[in-house]
Structure formats: C-alpha cells, structure tokens
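Novice: Mind having a look at this structure? Questions to follow.
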Amino acid sequence: MKFGIVVFPGSNCEHDCYHVVKHVLRQDVSFLWHKEKTLARSDCVILPGGFAHGDYLRCGAMAKFSPIMESVTRFASEGGPVVGICNGFQILAEAGLLPGALIRNRTLHYLCQDVYLRTDSNASPFTRKIPHGKVLKMPIGHGEGCYYADAKTLSRLEVEGRIAFRYCDPKGNLDEEWNPNGSLKSIAGVLNERGNVLGLMPHPDRCAEAILGNEDGRVLFESVIGL
Amino acid sequence: MSEPLTQEPSVDLELAQAHGLTPEEFEKVRTILGRTPSFTELGIFSLMWSEHCSYKSSRIHLKRFPTTGPQVLQGPGENAGAIDIGGGLAAVFKMESHNHPSYVEPYQGAATGVGGILRDIFTMGARPIASMNSLRFGSPDHPRTKYLVGGVVAGIAGYGNCIGIPTLGGEVMFHPGYDGNILVNVMNLGIAHAGRIFKGQARGPGNTVFYVGSRTGRDGIHGASLLASASFEADSESKRPTVQVGDPFAEKLLLEACLELMKTDTIIGIQDMGAAGLTSSSVEMAGRSGTGIDLDLDRVPVREERMTPYEMMLSESQERMLVVVRRGTEEKVREIFRKWDLEGVAVGEVTSTGHLHVQFKGKRVADIPVKPIAEGAPILKRPVERPAREEKDSRLDLARIKDVATPGKALKGLLGSLNLCSREWIYRQYDHMVRSNTIVRPGSDAAVIRIKGSPHALALTTDCNSRYCYLDPRAGARIAVAEASRNLACSGAVAQSLTDCLNFGNPERPEVMWQFSECVDGIAEACQSLEIPIISGNVSFYNETEGRGIFPTPTIGMVGIIEDARSAMHSYFAREGDLIVLVGTLGEELGGSEYLSQAHQLEAGAIPHLDLAREEAVQYACIDAITEGLVSSAHDCSEGGIAVALAECCFHPEAMLGAEVKLPAGKRLDALLFGESQSRILLSLQKANLPKLEKICQERDAPFSVVGAVGGNRLKISVGQDAEINATVAELRRPWSEAFPTWMV
C-alpha cells in the first residue's frame, strides 16, 4: 500500500507520519509537495499536522488554495481514503471536504496533553479495525481545535454516524471536564458523507510505538492498510 | 529617492560614545583605520566590540573552562558545540539568553530568543529536535510579573509550536531580585551527521556570498550594542523598538531550505544573521578564514524603503542567514530558495584582501580590515572584588529560628508555592510531543527523547539555584553542575557535556565580576571532577536596573546519553509495594534553602556542602541501577528537601500512589525534612531487586538506606517515633497542581 503525505509550507508533523508508515508499519510512502498537482499514485493521502502558511490567517485558509488540493479533492470524491490530522483536519474543513470548523480552544491556550477518545464510528477506512465504543488514549497539540458546526449539521452528523471520535473520560463517558477544547458534542473527529475522509484533532502519529509509551494510534494506520 | 549618504552624520567622539564605545576604543578604531570611521563603520565597530558580541569582560575568565573530551566534535567558538553520540551522529546544542528583549516586549523577546537559538543549531547542519528553557521572574506580587510570565510563555510556545520543534521543559523560579530584569534562557539541541557539520567560514576567494531568508527591515537596530550591553534605567519601555519581531513560519521555511541546501555540495560556510546581523556574520566568517568579503548592499533584499547602509548593516531582522557557496553553484542555491519562496540572493564575494568592503549606490561606505575588528576587540581585565555583604549573609544562627511545629502544613505550603508547584500550566502550552521522540515528558527531573534509527536516547535538563550562587557563587555554581548531572542520572543518562548561559549584573562593578569569576571557577571545578566538558555557551551581563543587579545565575544546560532508550526513567512512583531507597545520606543542612526563604524570609547561611566524589558515586549507582532495570522511579532531592521530593514522587500523572516513610530522628525537624543536602536520590524498586542494588551501591561506594514503601493513598512520613506528616496524596497534590493556574488567573 502506498501512502502520500502532503507537505505544505509550515507542515511539521510530516516526518512523524512518515516514520509511522515507513518504519513502524513498513509501508511504501512518499512526500507530496503542495505545489505538485498529482498524488504520485498514492492509495491513501495524509494531511499532517503543523502550521501551514504559519496559520497567520485562519488555520487552513491559505492551504486550501495549494495546487495539490485539487487532486486531493478529486481523489476524495472518487472514494480514496484521506485523513487530516490536526492542522490537516483544519485544512480539510476549510476546503469543504469535511463539515464544520475548528475555532480557538475554550481556554484560549494552546494545549499539549493526552486525551481519551471514544470511537463512535468504525464505518471508515481508518476506524474499521477499532471496536465500536473502544476508548483510545491520544495526545493533542493545538490552539484551535474546538469543533463547531450549526445545530442542523451536528444532528445530521450524529444521525448519519459520521462522528468518528469524541473526547471522553478514561472509561468512555462523555463529560465536559474531559473535553479539552470545548468542542460541540465533544467531537474530536468527523467523517465525510461517504465515510472515506476523516479529520481528527488528536495525533495518532504521536502514539504508535511502544517506546513512546502508547500504541493506541497505530490502529488507525493499520485499519487502512490492506483495504 | 533622496541620497541617504548625504544625511549621515559626521563621526566624532560624542557620537562614538553614544554608540557605546569608550574614548580608548574610539581611538583604537581610528588607529586601525588610520582615519576617522564613516558613520556605517562606526556602527559596525560598535556592534562587533559590544559586550554582547565581543565577550570583552568575560573572555579572560572563560579560558578556565574545560572544553575538551573524546566525545567533543566542536567546542566553543562556533555557532554551537557538538558531541559524538554514536552511530555516526552528533548532538549539536547551545543555550542563549534573551533577557532584556523579553523584559521590554515579553512575547516577541522570548519568541525571537527561540528563533535565534534554533538558527545557531541548524546553521551547523543539524535538525533541531528539542528545546529547553530556564526562566527567572520577579516577585509574584510585582505588578509586571504576571504580564511577563504570560507573554514569555506564549512567545516560547508561539514560536516553538509553529516551527514544530518540541519544548521539553526547563525550570522557572520567582524572586524579587528579578523584578526589573527577568531571565529568558533558551536552549536547543539538534542532530547532525557527525561527518557533516557546517561552520561559519568564508574560505576561497572568488566564492559567492549569498543572503538567504527574510528581507531586511529596520527592526532590532542596536539590539546587541545598546539593549544587550547596557543596564536598564527607568525608561526601558522606550527601548521597545530595539526588539525584533519573530516570524516562525519564515524560519520554518528557512530551516527546511537550509537543510535541503546542506545535502548538496554547494556550501563552504554558513552563519546565522542573529545579533548584529549582516555585520557579525560577514566579519566573523571572514575572520575565521583569514579572508575578506565584498558586500554589495544594493542587492540586499529590503522590506522598507530608503534604508541606509548603516541600517542595513545593523539591522537585526530575524530569519536570515549568510551562506558562502562554491563559485559556479549559484543557480542550484537559487533554485532551492525559490522552491521555499524565500529570498536567495548573491550579495557579495569572498576576497583575498582581508578587508570587509561594503558598497552602496556605487560608493564604498565601509572599508575595514577584518582581523583587527574580529580579533582585536578589547579584552578587559575588569577589577574583581569580593563584596562585604557576603559575610553577613552567610551567618545563620539556627538557635534563633523556631523549628517547624506543623510539618504537614509546611509541606503543603511549599508544594503550593510558585517556586515548587507543578509547571503543567506552562508546559501544556508547549508542544512537547511533536517529532514523536518524547519518551519522558516535562515534569520529571530530565526530559528524554529517543533518537530515531539509534538504540540510544538523549536526556536534557537545565538547572541553576541562583540563591546558592548569591550566597556562595563558587559553591553554588558547582552545585548547579552537579545537580544538572544528577537530574540526568535520574533518567538513567550519563552526562556528556554542557552548555552554559551566564547571567550577571553590570560587569563594571567589581563585585559582579567577583561573582562571575567565582562562578566560572565553580563550574570549571565541577566539570573537571565529573568529566563533563563545556562545548558552548553565552554570557549575559548588564542584567541590572538602576544599579540593582540580579542574583548571579549561571544556568547550566546539560545533555546525557541513555544507552538503551527503553530504560529511560521518570521520577514518580509506579508500583504499589515497591521499596523506597535513599541513595546518599539524609543530611540536615538548612542554609540557603527554599524553606528558610518561604517560612522565615531568610536567605542566609552556608549553602549545602558538595563532595564531588560522593556526588559521582551516588549518580553512577543510580545510573547502574536504572541500566540494569532494577528501579521503577528515580528522583533527585533538591529545593524543598526530602519531604517535597517524596511528595512529588507520589504525583504519578495518571494514578497517584502514596508512601509510608520512616526517617531517623535528627537535630531539627525542619532541617531533616526540608534541608537541601546534596547528592541524594530517591529510588523505588521491587523488594526482589534490593540485593542487586545493595551490591551496586557497595561497588560504587554510595551510601544507601531503605526508608519506606510505596502504597496506599496517603503520604506518611515518620521521624523517630512520631508521624510528622500524614496526609492524603490528593490533598498534597491539590495546592501543587492548582497554584500556578490560580495565580495566573
């Protein structure tokens, strides 16, 4: 399986994703520079975390205009698996590939810490190997991760089972105290209508190896391998 | 456009003095040039000979540092130092101060401090992978302190998070002595191939000098000469325009472009345009290589109109580099910088003239022989005098101080104080996990990162107890080195080398120079004894406002290697039923302690004794035990003594674990519980491993004793027959975890 990792100017988790895919999971992978127009025959596209274009404007607002985004949009519309992690999620939301928006954290501070996620949908290429309801521990690192959408969109996401992950307590209960950024409905990750595009704020790329003390993120990459 | 040259003022002694040059220095400039300097030349000399760039007050003292060892690939003198970490890899690291700018404008000051140290690292060919810091603020009650803390933390976070280099921790202390002069010391470490370390050199006449990175503006003019090299007066606000503005996104592009360029065979030398910008980079590179440089300022990319040559040479605009490339490779260089949408312009040429020639609008605006300006900076032998007050402060009559009556309450007070409480409010704002290498996160004695593609891990720490250094500069500096090394040992790492950031008051005062000289000796003694060479560093003088200097603060940044990354250790108890062992002896030294300062408002007494042979024995016993997989946790006893250390051991981030500890009765309860005797480490381990630990300690000649066991939800410390502290871990943790956020609100 071949992964393509999009590199925007200001991406900074592209090496972390590369490491997991290449050295932990032993898959084929290449970087895709944002000025390129093709995806180098990738079977799965990753938009990594970082601060594309410095995030000086709204996060992701500039990156959506990068030449490669046309190809990513086409690939997604053809059902190709696309995952946006952190800044990648913000870019997918700005590009309209995912509903909603990511706004400033409730505390107004950048937050780097572990959170717990409840898997609410395994109907996606990235979650298909995770049992429904399973709680994963994963790090976050963002200043603008508060998920926001209008009431109609939120209820549609819920009805259609497109909320992939929600912040929860270690046992899987939804609790505002365990919602780090104030996301509506405790949403940490969402899917597009077809289920092939996932955006999530937490970093599976930072917890996929025993040496880092946490391997919970690995299953997201493993799920998509062998599709 | 008007002709800027005609506006340049004529140079005389008065103008030279306004630039920070002394009459003698001005005379020396005239002798070197054989004439009066032009305005631009005056600017160049004033920068190069500023305290900040020339180290003129410190240089004769710094010679006493041990700087060599089999692991050292690059010692002091380059942009950063480098050590061999095995597997063909090098760790490149350095620490720097950005004190004055951070006081004047905390966010940008701290942010550009991070940006500057990062450039020092990647200019060597290393990819930066870990940042640390050491911060000092004034009294928590001072009206400016909260604003400064908030701004500095946000600035470090803003820059580091955006560029994607983890900030792994450090230290923060508060003391009224820093009310008018905060300290922001930032350290960075990068990884390079040992055989491909780049240097700041300009060899080979005919080679091309490239300007790369952001455009040049008027920001930061006089930063090094006037902001960093003079004391503050009441008008520090007016110095705001001398602070640069950081652009981490531009630096990220510059970082990636430079690393890409370094994979090609184009580079002869490369240097950051940091403090003193175009001036110091061109002069220093030519100086190291015995060459000259011709610069054509008309080609320098500018972002403001009508900039004069003086302004261009003195600008400290951030995110710029000067690169000397082999003649004929220019197009390759341009191509890479075009890819990253950065300026990459040939602005000059290496020459054999030995002169720096600066050309602007067809006129030569500076013609300076490189060697005399680079190496001829005045070396000062400033007067050194031990201050009288020293005697008074070292006297401490314990008989007149009441022993602690309610130790449990005292412990909670210490844990809930700003100097000892949890730093989570700070490090949660730093991305400390990006690059996915972090094994031991902030909060333990040292941060640990794995090295991808290597079995080893690196441990990093920053440390300095400036109260000790105030009471006894030499012994205090020795302790700073010993404690940094002990922090590393607690993670299982053997210390390899260190970088320092020496923060002091006004060097023109003999007592400040005495503190400096003593601290240098203390550091040198400890480094020699523990065999830890110094590979890079920074001196920051003039941390003084209206005649009041800071505590001498020689911050140590130290790096160690853990052979097997998997054995990296954290500081908190991890297993119910484990035994708690004290390696080292109890000690009852109260002098200079945090407890005396907080409970009795006393900063006095003899600071704890340090026996470097004992220190080494204790550290190696700890490292051996961790390496052999015997222990579940290791924690250094430092500020707040054994009682605070034990409480911290109970604060597992996910599952608090209590402990029951019995200590033999001593002379004084406060000294026993809260005294800060050196060379002590608390280990926890399974009972079955005790005989092996005993053997290690015997072999290493390190004293040890079993003091208790891990378990339950209370911390109970008995002294002799009496239970002196008996509290739930939750009630001890509350003040500790809430103090910082509560104060910041």
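The values are calculated or read from the model by the stated rules, or taken from the named source; none is laboratory data. Quick caveat: nothing in here was measured; it's all calculated off a predicted structure. All Cβ positions, even for glycine, are placed from backbone atoms using ideal geometry, and neighbour counts span all protein chains on display. Ligands, DNA and RNA are excluded from the accessible area calculation, which covers all protein heavy atoms including side chains. Shrake-Rupley method; radii C 1.70, N 1.55, O 1.52, S 1.80 Å.
Novice: Condition first: more than 11 Å from every other protein chain (Cβ to nearest Cβ) and either modelled with pLDDT of 95 or more or part of a helix (DSSP H, G or I) (or both). Now tell me which residues in segment A:1-21 satisfy that.
Specialist: A:K2, A:F3, A:G4, A:I5, A:V6, A:V21
Novice: Looking at segment B:660-682, which of its residues are within 26 Å of B:N713 (Cβ to Cβ) and at pLDDT below 95?
Specialist: Result: no residue meets the conditions.
Novice: Only residues in segment B:164-177 that are within 18 Å of B:S485 (Cβ to Cβ) count as the first member; pair them with residues that are aromatic (F, W, Y), Cβ under 7 angstrom, at least 6 apart or cross-chain, and list the lot.
Specialist: Every condition considered, the pairs that remain are B:G169/B:Y427.
Novice: Taking into account only those residues within segment B:122-141 that are open to solvent by 10 Å² or more (accessible area, probe 1.4 Å) and touching a His at 6+ places or on another chain (Cβ under 8 Å), which is nearest to B:N181 (Cα to Cα)?
Specialist: If we take residues in segment B:122-141 being open to solvent by 10 Å² or more (accessible area, probe 1.4 Å) and touching a His at 6+ places or on another chain (Cβ under 8 Å), then B:S139 is nearest to B:N181 (Cα to Cα).
Novice: Read through the list (1) facing chain B (nearest Cβ under 8 Å); (2) part of a loop (DSSP other than H, G, I, E, B), then give the number of the only condition that A:L39 fails.
Specialist: (1)
Novice: Moving on to the next point. Determine, yes or no, whether A:L174 is open to solvent by 60 Å² or more (accessible area, probe 1.4 Å), touching a residue at least 12 places away in the same chain (Cβ under 8 Å) and not β-branched (V, I, T).
Specialist: yes
Novice: Something else: Hey, which of the helices (runs of 4 or more DSSP H) in segment B:405-489, taking only ones fully inside, have at least 1 residues that are within 28 Å of B:R668 (Cα to Cα)?
Specialist: Of the helices (runs of 4 or more DSSP H) lying wholly inside segment B:405-489, those with at least 1 residues that are within 28 Å of B:R668 (Cα to Cα) span B:407-415, B:466-471.
Novice: Just to be sure I understand, how many residues within segment B:53-70 are closer than 13 Å to B:F516 by Cβ, assigned to a helix (DSSP H, G or I) and out of contact with any helix residue (DSSP H, G or I) (no Cβ under 6 Å at 6 or more places or on another chain)?
Specialist: Qualifying residue count for the region: 3.
Novice: Any idea how many residues of segment B:40-59 are open to solvent by less than 10 Å² (accessible area, probe 1.4 Å) and farther than 17 Å from B:V370 by Cα?
Specialist: Number of matching residues: 2.
Novice: Out of B:I60, B:I32, B:I44, B:I83, which single residue is more than 30 Å from B:I129 (Cβ to Cβ), of a type in the set (V, I, T) and under 24 Å from the mean Cα position of the chain (by Cα)?
Specialist: Going through B:I60, B:I32, B:I44, B:I83 in turn, the sole match is B:I60.
Novice: Which residue is nearest to B:S679 (Cα to Cα), if the candidates are limited to segment B:692-745 and must be under 33 Å from the mean Cα position of the chain (by Cα) and of a type in the set (G, A, S)?
Specialist: That would be B:A702.
Novice: Kindly list, by first and then second residue, each pair from a residue in segment A:205-227 that is at the interface with chain B (Cβ under 10 Å from one of its Cβ atoms) and in contact (Cβ under 8 Å) with a residue 60 or more places away in the chain to a residue that is in a loop (DSSP other than H, G, I, E, B) and open to solvent by 20 Å² or more (accessible area, probe 1.4 Å), limited to pairs with Cβ atoms under 7 Å and residues at least 6 apart or on different chains.
Specialist: A:C207/A:E215; A:C207/A:D216; A:A208/A:E215; A:E209/A:E215
Novice: Tell me, please, whether a residue that is touching a Ser or Thr at 6+ places or on another chain (Cβ under 7 Å), more than 29 Å from B:G492 (Cα to Cα) and open to solvent by 10 Å² or more (accessible area, probe 1.4 Å) can be found in segment B:412-430.
Specialist: The answer is no; no qualifying residue exists.
Novice: Here is a check on your reading of the model: is B:P101 part of a helix (DSSP H, G or I) and either surrounded by 24 or more Cβ atoms within 10 Å (Cβ to Cβ) or away from chain A (no Cβ under 14 Å) (or both)?
Specialist: yes
Novice: Can you pull out every residue in segment B:600-659 that is part of a helix (DSSP H, G or I) and within 18 Å of B:S417 (Cα to Cα)?
Specialist: B:H600, B:G641, B:I642, B:A643, B:V644, B:A645, B:L646, B:A647, B:E648, B:C649
Residue by residue, here is whether (1) surrounded by 15 or more Cβ atoms within 10 Å (Cβ to Cβ); (2) away from chain A (no Cβ under 14 Å); (3) closer than 30 Å to B:H193 by Cβ; (4) basic (K, R) holds:
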{"position": "B:I373", "(1), (2), (3), (4)": "yes, yes, no, no"}
{"position": "B:E385", "(1), (2), (3), (4)": "no, yes, no, no"}
{"position": "B:V404", "(1), (2), (3), (4)": "yes, yes, no, no"}
{"position": "B:M433", "(1), (2), (3), (4)": "yes, no, yes, no"}
{"position": "B:G443", "(1), (2), (3), (4)": "yes, no, no, no"}
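Novice: Taking segment A:106-129 as the region of interest, how many residues are away from every other protein chain (no Cβ under 14 Å), modelled with pLDDT of 95 or more and closer than 11 Å to A:F165 by Cα? Before you say what the answer is, go through the steps one by one.
Specialist: Residues of segment A:106-129 away from every other protein chain (no Cβ under 14 Å): A:117-129.
If we keep only those that are modelled with pLDDT of 95 or more too, we end up with A:117-121, A:124-129.
Subset that is closer than 11 Å to A:F165 by Cα: A:117-121, A:127.
Here the count works out to 6.
Condition check ((1) modelled with pLDDT under 95; (2) under 24 Å from B:V72 (Cβ atoms)) across all residues:
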| position | (1), (2) |
| --- | --- |
| B:A526 | no, yes |
| B:Y542 | yes, no |
| B:G560 | no, yes |
| B:R566 | no, no |
| B:F573 | no, no |
| B:E603 | yes, no |
| B:R614 | no, no |
| B:A617 | no, no |
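Novice: Got at least one residue in segment A:184-197 being within 14 Å of another protein chain (Cβ to nearest Cβ) and surrounded by fewer than 23 Cβ atoms within 10 Å (Cβ to Cβ)? Steps first, answer last, please.
Specialist: Pass one, segment A:184-197, residues within 14 Å of another protein chain (Cβ to nearest Cβ): none.
No, there is no match, as no residue in segment A:184-197 is within 14 Å of another protein chain (Cβ to nearest Cβ) and surrounded by fewer than 23 Cβ atoms within 10 Å (Cβ to Cβ).
Novice: Which members of segment B:490-510 meet the condition of being over 30 Å from B:T545 (Cα atoms) and either open to solvent by 10 Å² or more (accessible area, probe 1.4 Å) or part of a loop (DSSP other than H, G, I, E, B) (or both)?
Specialist: Across segment B:490-510, the qualifying residues are B:S491, B:G492, B:A493, B:V494, B:A495, B:Q496.
Novice: OK, next. Take B:K667 and tell me if it is part of a loop (DSSP other than H, G, I, E, B) and open to solvent by 10 Å² or more (accessible area, probe 1.4 Å).
Specialist: The answer is yes for B:K667.
Novice: For segment A:42-64: of the residues being away from chain B (no Cβ under 13 Å) and part of a strand (DSSP E or B), which is farthest from B:C162 (Cα to Cα)?
Specialist: The extreme case among them is A:C44.
Novice: Just checking, does segment A:65-82 include any residue being in contact (Cβ under 8 Å) with a residue 12 or more places away in the chain, closer than 20 Å to A:S223 by Cβ and within 14 Å of chain B (Cβ to nearest Cβ)?
Specialist: no
Novice: Kindly establish whether B:E694 is more than 29 Å from B:L418 (Cβ to Cβ), free of Cβ contacts under 8 Å to residues at least 60 places away in the same chain and part of a helix (DSSP H, G or I).
Specialist: When the stated conditions are applied, B:E694 passes them.
Novice: Say we look at segment B:716-735 and pick out the residues that are open to solvent by less than 40 Å² (accessible area, probe 1.4 Å) and hydrophobic (A, V, I, L, M, F, W, C); which of these is nearest to B:P653 (Cα to Cα)?
Specialist: Residue satisfying both the conditions and the ranking: B:V729.
Novice: Considering each residue of segment B:151-175, count those that are more than 18 Å from B:A250 (Cα to Cα) and at the interface with another protein chain (Cβ under 10 Å from one of its Cβ atoms), and give that number.
Specialist: Total meeting the criteria: 3.
Novice: Continuing with the same structure: Kindly indicate the residue of segment B:451-473 that is under 30 Å from B:S567 (Cβ atoms) and of a type in the set (S, T, N, Q) and also most open to solvent (accessible area, probe 1.4 Å) among those meeting that condition.
Specialist: This residue is B:S454.
Novice: Which pairs do you get when a residue that is hydroxyl-bearing (S, T, Y), found in segment B:336-351, comes within reach of a residue that is crowded, with 23+ Cβ neighbours inside 10 Å and at pLDDT below 95, reach meaning Cβ atoms under 6 angstrom, with the pair 6+ apart or on two chains?
Specialist: none
Novice: Being touching a Pro at 6+ places or on another chain (Cβ under 8 Å), open to solvent by 10 Å² or more (accessible area, probe 1.4 Å) and β-branched (V, I, T): is that true of A:V135 here?
Specialist: It is true that A:V135 is touching a Pro at 6+ places or on another chain (Cβ under 8 Å), open to solvent by 10 Å² or more (accessible area, probe 1.4 Å) and β-branched (V, I, T).
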